[in-house]
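Contents: one structure, followed by commentary.
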Amino acid sequence: MRKILLYSIFLFFFACNTDSEIITGEVVSVADGDTFTMKTMTGERIKVRLYGIDAPERGQDFSNKSRQLLNDLCYGKIVDVHSQGYDQYDRLLGFVYIDGLNVNEEMVRQGLAWYYNHFVDDHRLDSLEQVAREKKLNIWSRKNPTNPYEYRKKQRKQKET
């Protein structure tokens, strides 16, 4: 009975713990600088949101350049997504790797995405953003760039009025 209980606890923990799952697939479309769709080896299409970063929204400065960088890095390539769970839109959240390159970090390093500190505590992403700011790379070349989180909040308020 004790073995069955321990086995059940192990299965429950394994089923709930998505943090260690790695999903591999080919990127088949890029929506913006932090979201793409991939096709897994089993043919399933999964929408992926890069965990810990927030790229400019359509209509914001550098949104096209951010999308283009993600496209250049990922489109048509095989990626490994280290799952961090799912968001409220049922997108897979994850750290994305291509041949050892952490794509999430690269987007921030190039100054084409913010470190999304509203939901994530990641000292590496934070330090990469600080370096991009100091170098005034892309979004940081603007005097007071509005982060996407605030931009979306402002857009929602405008729609309500």
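The values are calculated or read from the model by the stated rules, or taken from the named source; none is laboratory data. The model shown is predicted, which means the values in this text are computed figures rather than measured ones. All Cβ positions, even for glycine, are placed from backbone atoms using ideal geometry, and neighbour counts span all protein chains on display.
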Give just the number: which of (1) surrounded by fewer than 18 Cβ atoms within 10 Å (Cβ to Cβ); (2) farther than 21 Å from Arg58 by Cα; (3) not charged (D, E, K, R) does Ser83 not satisfy?
(1)
Quickly run through region 11-37 and pick out the residues that are surrounded by 14 or more Cβ atoms within 10 Å (Cβ to Cβ) and modelled with pLDDT under 50.
Thr18
Index of the failed condition, Glu105 passing every other in (1) surrounded by fewer than 19 Cβ atoms within 10 Å (Cβ to Cβ); (2) under 12 Å from the mean Cα position of the chain (by Cα); (3) without any contact (Cβ under 8 Å) to a residue 40 or more places away in the chain; (4) more than 14 Å from Thr24 (Cβ to Cβ)
(1)
Quick one: what pairs do we get from region 114-143, first residue without any contact (Cβ under 8 Å) to a residue 60 or more places away in the chain, second surrounded by 15 or more Cβ atoms within 10 Å (Cβ to Cβ) and not in a helix (DSSP H, G or I), C-beta under 6 Å, 6+ apart or different chains?
Asp126/Tyr115; Glu129/Tyr115; Ala132/Gly111; Leu137/Gly111; Trp140/Gly111
Output the number of the condition that Gly94 fails; it satisfies all remaining conditions of (1) under 15 Å from Pro148 (Cβ atoms); (2) buried (at least 19 other Cβ atoms within 10 Å of the Cβ).
(1)
Selected residue (criterion: nearest to the chain's Cα centre (by Cα)) from residues of region 143-161 that are assigned to a loop (DSSP other than H, G, I, E, B) and surrounded by 14 or more Cβ atoms within 10 Å (Cβ to Cβ)
Asn147
